[in-house]
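Visitor: For reference, the structure I am asking about is given below.
The values are calculated or read from the model by the stated rules, or taken from the named source; none is laboratory data. Because the structure is predicted, anything quoted here is derived from the model rather than measured. Cβ placement follows ideal geometry from the backbone for every residue including glycine, while neighbour counts extend to all protein chains displayed.
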């Protein structure tokens, strides 16, 4: 059977960081990731709350913004950290944060208060958490990326159970980044940025994994970043240097590509509350893009 010809799906600008909220200064993050050049913002972690607001992180400045359905920006929290991934807690009142500096944190949506949830494992700091996702049973999966890569494949993938038990599912990842669960939650997909690939982790009934394999391979200077699955099991993969979202079928074939109408640093994505729109963080320009998902999935 011939592989399908990928469809090309256009995006539009939904909103962008207002000039008043941009900070063009050098931070510890920009020294390490931007060759010491100032970065006025770097968006990541799109996540919707139950009121339909879009939450995004600004990594270098330790900020979390709330964006209304009308595209209006408000500062929800600011603290000493480097927040990356966000995941809405099942109670709907909190958002959990994968923070590179501070570990796993919790943000109270009513007050904007940030509190530690898991700062260390066996008295040791994490390498640098990147992304996280809740399963329906309350298990929290998160990646511990740090500066790992093919030269140092020691990145880790963890599962934090509701009772506080922490399990290490994987410890040989070359830059584990975004996460996505299959619709039946029997498979965990992990973006391995420096391998320029997505790995497939079958989840056993006891919560461990086995027969881990490479599900999809990519190319480019950077690699896959944030990911989501749709109801059909298609995997949407944001690529951080190619300016697009690759749509991969459950068979591992590319069936569509959502192209950025702005910069090339597409870092993450989220489905809108109605499931008919995909919202994408484009971090080079500080822009949130939107694409019609009903068209993409038809």
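Visitor: Of the conditions (1) touching a strand residue (DSSP E or B) at 6+ places or on another chain (Cβ under 6 Å); (2) assigned to a loop (DSSP other than H, G, I, E, B); (3) more than 20 Å from residue 290 (Cβ to Cβ), residue 98 satisfies every one except a single condition; which number is it?
Guide: (2)
Visitor: Quick check on my filter: what residues within segment 205-218 are part of a loop (DSSP other than H, G, I, E, B) and either free of Cβ contacts under 8 Å to residues at least 60 places away in the same chain or buried (at least 19 other Cβ atoms within 10 Å of the Cβ) (or both)?
Guide: In the first step, residues of segment 205-218 are kept if they are part of a loop (DSSP other than H, G, I, E, B); the result is 205-208, 210-212, 218.
Answer for segment 205-218, where residues must be part of a loop (DSSP other than H, G, I, E, B) and either free of Cβ contacts under 8 Å to residues at least 60 places away in the same chain or buried (at least 19 other Cβ atoms within 10 Å of the Cβ) (or both): 205, 206, 208, 210, 211, 212, 218.
Visitor: Could you say whether any residue in segment 21-44 is buried (at least 18 other Cβ atoms within 10 Å of the Cβ), part of a strand (DSSP E or B), out of contact with any helix residue (DSSP H, G or I) (no Cβ under 9 Å at 6 or more places or on another chain) and touching a residue at least 24 places away in the same chain (Cβ under 8 Å)?
Guide: Among the residues of segment 21-44, not one is buried (at least 18 other Cβ atoms within 10 Å of the Cβ), part of a strand (DSSP E or B), out of contact with any helix residue (DSSP H, G or I) (no Cβ under 9 Å at 6 or more places or on another chain) and touching a residue at least 24 places away in the same chain (Cβ under 8 Å), which makes the answer no.
Visitor: Restricting attention to segment 219-249, and to residues there that are more than 19 Å from residue 291 (Cβ to Cβ) and in contact with a strand residue (DSSP E or B) (Cβ under 8 Å, 6 or more places away or on another chain), which single residue is surrounded by the fewest Cβ atoms within 10 Å (Cβ to Cβ)?
Guide: Looking at residues that are more than 19 Å from residue 291 (Cβ to Cβ) and in contact with a strand residue (DSSP E or B) (Cβ under 8 Å, 6 or more places away or on another chain), I get 220.
Here is a yes/no grid of residues against (1) in contact with a strand residue (DSSP E or B) (Cβ under 9 Å, 6 or more places away or on another chain); (2) surrounded by fewer than 21 Cβ atoms within 10 Å (Cβ to Cβ); (3) free of Cβ contacts under 8 Å to residues at least 60 places away in the same chain:
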| position | (1), (2), (3) |
| --- | --- |
| 51 | no, yes, yes |
| 56 | yes, no, no |
| 60 | yes, no, yes |
| 74 | yes, yes, yes |
| 80 | no, yes, yes |
| 83 | yes, no, yes |
| 87 | yes, no, yes |
| 104 | yes, no, yes |
| 107 | yes, no, yes |
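Visitor: Regarding residue 202, is this residue over 15 Å from the mean Cα position of the chain (by Cα), surrounded by fewer than 17 Cβ atoms within 10 Å (Cβ to Cβ) and part of a strand (DSSP E or B)?
Guide: Working: over 15 Å from the mean Cα position of the chain (by Cα): yes; surrounded by fewer than 17 Cβ atoms within 10 Å (Cβ to Cβ): yes; part of a strand (DSSP E or B): yes.
Yes.
Visitor: Could you pull out the residue among 177, 196, 172 that is surrounded by 14 or more Cβ atoms within 10 Å (Cβ to Cβ), at pLDDT 95 or above and under 24 Å from residue 120 (Cα atoms)? Outline the logic, then answer.
Guide: Details: 196 fails: under 24 Å from residue 120 (Cα atoms); 172 fails: surrounded by 14 or more Cβ atoms within 10 Å (Cβ to Cβ).
When all the criteria are applied, what remains is 177.
Visitor: As an exercise: evaluate residue 6 against (1) over 21 Å from the mean Cα position of the chain (by Cα); (2) without any contact (Cβ under 8 Å) to a residue 40 or more places away in the chain and give the number of the one condition it does not meet.
Guide: (2)
Visitor: Can you find a residue that is modelled with pLDDT of 95 or more, touching a helix residue (DSSP H, G or I) at 6+ places or on another chain (Cβ under 8 Å) and closer than 17 Å to residue 267 by Cβ anywhere in segment 124-133?
Guide: no
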